[in-house]
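The values are calculated or read from the model by the stated rules, or taken from the named source; none is laboratory data. All values derive from a computational prediction rather than experimental measurement. Note: ideal-geometry Cβ built from the backbone for every residue, glycine included; neighbour counts use all protein chains shown. The protein model used for the area step is the full one, side chains on, heavy atoms only, and it has no ligands, DNA or RNA in it. Shrake-Rupley method; radii C 1.70, N 1.55, O 1.52, S 1.80 Å.
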Amino acid sequence: MARTRMLAWWWLGMVCGWGAVATDLPADDPPPPRRPIVLPPMQPADEPVQPLDPARPRTPEEERRLEALAHFMAGELFLERGGEEGVTKGLRELERSIELYPQAIEPYRLYLPAIVQAGDEARAQRYALLAVENTTEGVQLVRALVAVYVQQGRLAPAIAVLQAAVQLEALPPRSFGRLILTRHLGQCHSLNNDSARAAEVYQRLLAELRPQPPELSEIERKQLYGERGELYEDMGNTFLAAKLPELAVEAFDESARIRGGSPGVHSYNLALVFRQTGKPERALEELDKYFAAQLIEKGRAPYQLLKELLAELGREGELLERLRSLAAKDVHNKFLHHFLASELVARGNLDEAEAIYRQRGGETDPEAIVGLASIYRRQGKYAEWLKSAGRAFAILQLGNARVRERLSTEYQDLGARFEQDCRDLAAQPEQLDAVLALGREWSGGDNPNLDFEQAWLLGRIAVEAARTDDAARFYKYAIGMQNLPSYDLFRELGAHYIDQKRYRDAERTFQEAADHPALDPYRSFFLYLVSIAREMDGRIDAAIEAIVAARQLAPDQSQFALQQARIYYRARRWNDAIAVFESIIRDFPNEAELVRDCRFSLSAVYVQKGDFDTGEQILLDLLEEDPNHPQANNDLGYLWADRGKNLERAQEMIAKALAAEPENAAYLDSMGWVLYRLEKYPEAVSYLERAAALPRGEDPTILDHLGDALHKTGQADKAIAAWRKALKLEEEKSFPDTHLLEALRKKLADAPPAAAPSPMQE
């Protein structure tokens, strides 16, 4: 029991990335058991022991508390036993305990980690909110739950639970709980790259913090504002991103007030505001104040801003001299010196740049290593380049995405610049040939001296340049160097084979990984990839065999089940697809988005089978649950358009979908098709041409529709070109739609000869 309770405390204390949970941890070890009381034996004349009658009977509330405590202890025991049955019973007992006495925090503290581990998102959120409504400590549980979601990269459920929490009556305005959860909501929207919604949230938070700060304890104040006013800095940057400069200034002013000390950072923030409001001269004045303070807090960003401001003012020629002047005064600012060196490299001043890099870090500083590698590439010193590039690859963790994403923003930006430099190398045939030849030389012979990071980097560069034989050589070399090879090596090489349509090579690579003893924990994942390679090679039965094996190893992986269903779908094995999609809906009820996607897929399957009524009913059910869902509106509107029914209503529904996603090629196609059915052919052409021009618009169905609409507007040559392209794309599929092929061939056979080739024909 002690271990279960400690796991719960660990969950609360460790996963919450926005401040430790303010509670007292229990002792590591339970207290020693009490020595049992031993009564002397009864004598014949002794009075029999009578039960103790309490002076005051228990109240109903006390009875409920005692019963709740009994269920809590039972739940703790079941969870300690573990196993599926133990967890199920433990959760049930804890739910009963909470139901009887929701004001006690302990059951929530045990329940939430267990339910999160069980993957039941709906119940986790429901009980976290219930804890907020009934206990003062519930806010910390919501924070812990949100931190778990953020660590998992699942921002949608984090946002959902925070939005629900901040609206609870249990959290009055200006209370710490409401304020801190509102801040987290803004942070999550920012992490989700939604600056508009983040700004809306921060506006509400800013309003609650005016005009006087709320009454908070010192710990609460630090958690809300940050040690140095980071809250206002975050709000200011968010307001800037949302094009709200007045609010940004207010937030930055408050940040400066809390920070105290040097005004330099505030000047930098004001420079950002002036730049956004079209006042580059004022921005430059404020930026000079930041430089005068000789700060390093903002890293490279101020010097990049200087470069951009000078460009806006048409004074690009001043940049190098300004940087040199600043560097002469601020001799210890590595960000400034490295930025100067990078600008010198871009202008071809390689010797001056090399001297700066060697003086400011040499072969030990990551920025200098990346800079020197770029210089060596331009100088044609490929041996020096390969040595420096290999070190950069290792230091910046470019082979381990999970570690890399935890590095500082500075390191991540540096890694992005290094990767761009490698892409530039791959685009230069002379440089590419030289480094690949050097790699082959260093990796050959009886005593190869190409190291692991160098081999992996050369493999990636070969992939970028579509040099498949070299890519295979270097990836296999890197794999052979390790007893415990990274699964990313196999994954990257196999993905490249698939891109090059070398599906058998991809299959062999993934199968080798699946069979590798050191990669046994990833066996199911690689069998899943094997199924993809086999399917793309047109071997459906073999693909099914692989994905079934993956599912047997990992039955809880819904993605594997979805892959099996999609294989059946693409192979047009409709009944098999229906069976698997329905099993996913039944077996993974807590994965709401997955279940919804499977329902859409089921609708499409029934339509393909010719059972239009069932396919339509599924979409109607989805719309009843969410009348504004874009895909549901589009799919039903398209289905009605294709069947020539409810056309005006179908147009309204598709318009609703397009309002939500105006650049969605499928939705544009649907609108074009319903307009075609309404005999509004010029309007149909406009929508269909927009759809076909988008990245995902080169679709046979879209081009077929476009050809039909063009034909109706008298543009026969363009129509024929669209049909020909649609036919070619459909014929190239592993499992083409025979009905579409037949229709396209008939249209082309019946059409008059085109007057001249069009760009689409070519």
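When the residues of segment 444-485 are filtered to those that are surrounded by fewer than 20 Cβ atoms within 10 Å (Cβ to Cβ) and of a type in the set (S, T, N, Q), the one that is nearest to C422 (Cα to Cα) is T468. Please verify whether E363 is buried (at least 19 other Cβ atoms within 10 Å of the Cβ), in contact with a Ser or Thr (Cβ under 9 Å, 6 or more places away or on another chain) and either assigned to a helix (DSSP H, G or I) or not small (G, A, S) (or both), treating the condition exactly as stated. No.
When each of V530, V548 is tested for being closer than 24 Å to A462 by Cα, out of contact with any Ser or Thr (no Cβ under 6 Å at 6 or more places or on another chain), of a type in the set (V, I, T) and in a helix (DSSP H, G or I), the lone residue that passes is V530. Of the residues making up segment 336-347, those that are touching a residue at least 24 places away in the same chain (Cβ under 8 Å) and either open to solvent by 30 Å² or more (accessible area, probe 1.4 Å) or of a type in the set (G, A, S) (or both) are A341, S342, R347.
Applying the set (1) free of Cβ contacts under 8 Å to residues at least 12 places away in the same chain; (2) over 26 Å from P302 (Cα atoms) to A389 leaves exactly one unmet item: (1). Within the span defined as segment 81-99, one or more residues are under 26 Å from V139 (Cα atoms), open to solvent by less than 80 Å² (accessible area, probe 1.4 Å) and among the hydroxyl-bearing types (S, T, Y). Tell me, which residue of segment 420-436 that is of a type in the set (S, T, N, Q) and over 27 Å from the mean Cα position of the chain (by Cα) is most open to solvent (accessible area, probe 1.4 Å)? Only one residue tops the list, namely Q428. If you go through segment 513-527 and keep only what is part of a helix (DSSP H, G or I), surrounded by 15 or more Cβ atoms within 10 Å (Cβ to Cβ) and out of contact with any helix residue (DSSP H, G or I) (no Cβ under 7 Å at 6 or more places or on another chain), you end up with just F525. Taking helices (runs of 4 or more DSSP H) as the structural unit, those lying wholly within segment 85-168 and holding at least 3 residues that are closer than 26 Å to E200 by Cα and in contact (Cβ under 8 Å) with a residue 12 or more places away in the chain correspond to 121-134, 138-151, 155-166.
Which one is nearest to the chain's Cα centre (by Cα), of the residues in segment 528-540 that are open to solvent by less than 30 Å² (accessible area, probe 1.4 Å) and closer than 22 Å to C598 by Cα?
Within segment 528-540, the match that is nearest to the chain's Cα centre (by Cα) is L529.
Summed over segment 129-156, residues that are under 14 Å from L110 (Cβ atoms) and charged (D, E, K, R) total 1. For segment 488-505, a residue qualifies if it is surrounded by 18 or more Cβ atoms within 10 Å (Cβ to Cβ) and either more than 26 Å from the chain's Cα centre (by Cα) or of a type outside the set (A, V, I, L, M, F, W, C) (or both), and the qualifying residues are E492, G494, H496, Y497, R502, Y503, D505.
Exactly one residue out of A709, A692, A749, A721 is among the aliphatic types (A, V, I, L, M) and either closer than 30 Å to R539 by Cβ or open to solvent by 30 Å² or more (accessible area, probe 1.4 Å) (or both): that is A749.
Table: residues versus (1) out of contact with any helix residue (DSSP H, G or I) (no Cβ under 8 Å at 6 or more places or on another chain); (2) open to solvent by 40 Å² or more (accessible area, probe 1.4 Å); (3) in a loop (DSSP other than H, G, I, E, B).
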{"residue": "Q203", "(1), (2), (3)": "no, yes, no"}
{"residue": "P214", "(1), (2), (3)": "no, no, yes"}
{"residue": "L224", "(1), (2), (3)": "no, no, no"}
{"residue": "R257", "(1), (2), (3)": "yes, yes, no"}
{"residue": "Y290", "(1), (2), (3)": "no, no, no"}
{"residue": "E297", "(1), (2), (3)": "no, yes, yes"}
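Only one of the listed residues (A198, A271) is closer than 22 Å to Y303 by Cβ, in a helix (DSSP H, G or I) and touching a helix residue (DSSP H, G or I) at 6+ places or on another chain (Cβ under 8 Å). That residue is A271. Restricting attention to segment 724-746, and to residues there that are modelled with pLDDT of 90 or more and in contact with a Gly (Cβ under 9 Å, 6 or more places away or on another chain), which single residue is surrounded by the most Cβ atoms within 10 Å (Cβ to Cβ)? Ranking the qualifying residues of segment 724-746, first place goes to A726.
Does any residue of segment 401-408 turn out to be in contact (Cβ under 8 Å) with a residue 40 or more places away in the chain, over 19 Å from F474 (Cα atoms) and under 25 Å from the mean Cα position of the chain (by Cα)? Looking for residues that are in contact (Cβ under 8 Å) with a residue 40 or more places away in the chain, over 19 Å from F474 (Cα atoms) and under 25 Å from the mean Cα position of the chain (by Cα), one finds at least one in segment 401-408, hence yes. Mind telling me which of the residues L636, L623 ends up being buried (at least 19 other Cβ atoms within 10 Å of the Cβ) and among the hydrophobic types (A, V, I, L, M, F, W, C)? The conditions single out L636.
Grab the helices (runs of 4 or more DSSP H) fully contained in segment 389-479, keeping just those with 3 or more residues being modelled with pLDDT of 90 or more.
Ranges flagged: 409-426, 429-443, 452-464.
Quick one: would you say G439 is touching a residue at least 24 places away in the same chain (Cβ under 8 Å) and open to solvent by less than 20 Å² (accessible area, probe 1.4 Å)? Here the answer is yes, as G439 does meet what is asked.
Within segment 119-166, the set of residues being closer than 26 Å to R406 by Cα and small (G, A, S) comprises G119, A144, A147, G153, A156, A158, A160. Please work out if R440 is within 30 Å of the chain's Cα centre (by Cα) and basic (K, R). Spelling it out, it is not the case that R440 is within 30 Å of the chain's Cα centre (by Cα) and basic (K, R).
Restricting segment 299-318 to residues that are part of a loop (DSSP other than H, G, I, E, B) and touching a helix residue (DSSP H, G or I) at 6+ places or on another chain (Cβ under 7 Å), the residue that is farthest from E410 (Cα to Cα) is L313.
Selection over segment 227-269 of residues that are modelled with pLDDT of 90 or more and basic (K, R) gives a count of 1.
Filtered by the rule that a residue be under 28 Å from L519 (Cβ atoms), crowded, with 17+ Cβ neighbours inside 10 Å and β-branched (V, I, T), segment 541-597 gives I544, I547, I567, V580, I584.
V685 falls short of the stated requirement of being within 20 Å of A632 (Cα to Cα), among the β-branched types (V, I, T) and either more than 33 Å from the chain's Cα centre (by Cα) or buried (at least 24 other Cβ atoms within 10 Å of the Cβ) (or both).
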